[in-house]
Each structure stands twice: as C-alpha cells, then as structure tokens.
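The values are calculated or read from the model by the stated rules, or taken from the named source; none is laboratory data. Here the structure is a predicted model, which is why all the values come from computation and not from measurement. Backbone-built Cβ (ideal geometry, glycine too); neighbour counts: all protein chains shown.
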C-alpha cells in the first residue's frame, strides 16, 4: 500500500499470534500494523477454511448476475446485492441507503429511489466508461464471454478521501492514519482469452478453463533482489556515519519499487520511491499543463522540485490499474501553489472533483547511471533492462527498508529475493457464462449454512 510506513513486519510463515507491547518502550507504527494484519489474516483464514475459496450466506448471497441487452440501449449487467467471500475476504454488493432529505429540493430529487442493484456501468469501484470501446461488454451472440469477480485491496489516503483528515489539526498539519479498502469489480472475459475453442461449452469446461486462467494470474511474475553494503568499522563506532555510506538519512526509509507498465521485459517499465509512494499533493484545479495544489508539501523532504516525476491520479485511475505516462515538473509557482507539468494529463483523469485528484511523487530521475539513476526514461518511467519471469503486471511491487547507514537492506524475507507482495487482483470461481444472448443464470455458487 502507498502509506508512510517505517517497515512492514508481518510474515505468515513465522506464525506469530499477537504483538505484545512492553512498558517503557518506543511504540512504532510497524508493531500496530502487524497486530492488525495478524488478526485480519486469522479471520480471513478461518472464513476461507469454513466457506471455501468462495461462497456466500444462503439467504443473502450477493453478486447474482443478469445480462441485459437491447437494440437501442447499451448492454449491461445487473449485479444484485448481498455478501460474498473470496479467499475469506468479505465483498458487500449492497447499495448504500439513501440519505434523509433536508430541503424540499432534496426531497424532490429523492422521490425516485435508486435501484436495489448495481449495474456493470455504475458499480462502485470499476469506473467503466461507455465511451471507451474496451470497456463495453462483448456481444454474446458474436463473442461469448464470462462475467467474473475480481477482488483486491488498495490503500486510501486523506488526499483521496478528505473525510479521513482531522479538521481540528488544521490544513497545514499532515494527515494521520491511512485506510485499506476492499475493491471488487465484475468484469467480462471472452472465451478466447480462456483458450476455449468450443462455441457453446459446458459450465464444467468454462470453470476448468477459468481456474487455469486465474492460477496463471495469481502466480508471481517477477522478483526483486535488494542489497546494501555495510560500511567498514560500523561495529566500532555506530554513531559515526562515514562520508562514503550509501544511506545517511536520520529516518527510516521504505523504498518501493513498482511496475508501472506491465508486459514482457522489453516493454515493461518501473518506478521507485524512497517514501513507499506516500508523498501526495491534493489537486485544487487543472488548467492545461498548470496544476494548482492544496499544498506544496510539509518540508524540503516532502515537497516538489523542478525535475521531479509525478503521477496524476484520481480514484478511478487508482482502481482501474491502467498505466499512464509519468509527468515531469517543469516550473514552480510557490505563491500560487501551482506547478507546470511537462504535458497535459491524459483526458478523463482528474477532471472530476468528486474523484479527488492528486499528484503522487516518485523519486527516480533521468541522468547518469549512478546512485539509483538511469540514463533514459520511457513515458517518465524506467525501462526494464534485465529481467525474467514475464509477463510483468502493472502495480506489482516490492519494498526494501533502509534504517541506518550501519544496517543492511531488508526486504522482509531471507534470501532477499522475494515475489511481489501485491498481485494485480484475485478472482472468484465460478465464472458465469453468457453466450448466444441467453440470460445469465445465478450458477452454483457455494452457499452456507
């Protein structure tokens, strides 16, 4: 997750059941976060053991899918409310209850109650756009497809959800804690992508093909090896940082290396941050290449400078996991809290205020190949020059901690090479087939008790 963390210490293979606080000790964010993760891991493991890989309650199972097509209206899916569990993760498809109208105008607007179900186009975390051909549903008569549920988690900060900020602290103060959100998306998948050649396959064939497809997506696609050098004579005088030490910062650094554009190694790019990608700047207004920000940062460490590369982000962009070119800061207007970017952000991103756009700073720059820099960038990101285990997936990441000049780099496991901790998504089974214009049946999803 993109959060200002000192490190991430939870390791399921260690089988810790609790974090025990001791008197007179320093309290760290890593201890509190590990306790939360231990409890969440235990709860989800218990749910998965009892329910299985996927399933819902007998009388309140959610995600019943219906296909709705027509000659004059765009095709859609109806997603019925209820609860469903994927690998122990709770997914709630119920629509939020409408608020109580206060004024007569609001009462008139609320006269027409919203439907009790979501649709493919208005599901809360998918952000599908009818204007984009790639988002439209295939025609079942020409291209049979299945509808599947993708479930994953992402972090949410105060820039994306201003309600998280404590207003009593004032706008000049930094935010407090971040949040982790469960994201579910009902998406189409053609039979061709499942490598099914039959025109009217049985449900068993579709389920088996979907299981193989989901297993391929869940498998790690790349690995990261991180290492730092321990300065000579570090044990003799640990308080003295030698001039040739690689890391001299007084604070913890959680380096984040994240795949920006996925694909084969020759096409993939990545980006990295010293702050785990947590340095963000809420956007107040966008005017061409000029962006007005709510703040230019708290200090010289967490601010923006000319030459920095930033990602223009909003809620929809963060949920779709689609890479866009990183932009370079070309000019700063400090009194006006404005920055000029190297190009105008992509259309459709950051134009809607309710999606809370913001800039995310990354720390790589173009320049000589030394001290973490690269000779050339592609789309604002660093090309992968050597790598295997393809294809690489967008948003897959690894983290590496730097604590002090005398401490080695840690990636959270030994040996230091480990798979990305976050994959691009999880998928439920069974997939629901839709072919030859027939309505979609609920399928045989497990229900309990």
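Output the number of residues of the stretch 308-342 satisfying the condition of being under 18 Å from residue 284 (Cβ atoms) and in a helix (DSSP H, G or I). Outline the logic, then answer.
We begin by selecting, within the stretch 308-342, every residue under 18 Å from residue 284 (Cβ atoms); these are 310-315, 317, 327, 329, 331-341.
In the following step, the residues that additionally are in a helix (DSSP H, G or I) were identified as 315, 317.
Matching residues across the stretch 308-342 total 2.
From the list 289, 365, 315, exactly one residue is under 18 Å from residue 3 (Cα atoms) and either in contact (Cβ under 8 Å) with a residue 40 or more places away in the chain or surrounded by fewer than 14 Cβ atoms within 10 Å (Cβ to Cβ) (or both). Which is it?
Unique residue meeting the criteria: 315.
Of the residues 29, 4, which single one is surrounded by fewer than 17 Cβ atoms within 10 Å (Cβ to Cβ) and not assigned by TED's automatic domain parsing to the domain that holds residue 155? Let's see the steps before the verdict.
Details: 4 fails: surrounded by fewer than 17 Cβ atoms within 10 Å (Cβ to Cβ).
Result: 29 is the single residue among 29, 4 that is surrounded by fewer than 17 Cβ atoms within 10 Å (Cβ to Cβ) and not assigned by TED's automatic domain parsing to the domain that holds residue 155.
Would you check which residues across the stretch 250-266 are in contact (Cβ under 8 Å) with a residue 60 or more places away in the chain, farther than 15 Å from residue 7 by Cβ and out of contact with any strand residue (DSSP E or B) (no Cβ under 6 Å at 6 or more places or on another chain) and list them?
Scanning the stretch 250-266 gives 263, 264, 265, 266.
Of all residues in the stretch 127-147, which are in contact (Cβ under 8 Å) with a residue 24 or more places away in the chain, under 30 Å from residue 55 (Cβ atoms) and surrounded by fewer than 21 Cβ atoms within 10 Å (Cβ to Cβ)?
In the first step, residues of the stretch 127-147 are kept if they are in contact (Cβ under 8 Å) with a residue 24 or more places away in the chain; the result is 127, 129-130, 136-141, 143-147.
From what's left, under 30 Å from residue 55 (Cβ atoms): 127, 137-138, 140, 143-147.
Hits for the stretch 127-147 are 127, 138, 140, 143.
What is the residue count in the stretch 150-179 for residues that are surrounded by fewer than 17 Cβ atoms within 10 Å (Cβ to Cβ) and under 21 Å from residue 54 (Cα atoms)?
Summing the residues that are surrounded by fewer than 17 Cβ atoms within 10 Å (Cβ to Cβ) and under 21 Å from residue 54 (Cα atoms) in the stretch 150-179 gives 1.
As an exercise: evaluate residue 41 against (1) surrounded by 12 or more Cβ atoms within 10 Å (Cβ to Cβ); (2) touching a helix residue (DSSP H, G or I) at 6+ places or on another chain (Cβ under 8 Å); (3) part of a loop (DSSP other than H, G, I, E, B) and give the number of the one condition it does not meet.
Result: residue 41 fails condition (3) only.
How many of the residues in the stretch 324-342 are surrounded by fewer than 19 Cβ atoms within 10 Å (Cβ to Cβ) and touching a strand residue (DSSP E or B) at 6+ places or on another chain (Cβ under 6 Å)?
Of the residues in the stretch 324-342, 8 are surrounded by fewer than 19 Cβ atoms within 10 Å (Cβ to Cβ) and touching a strand residue (DSSP E or B) at 6+ places or on another chain (Cβ under 6 Å).
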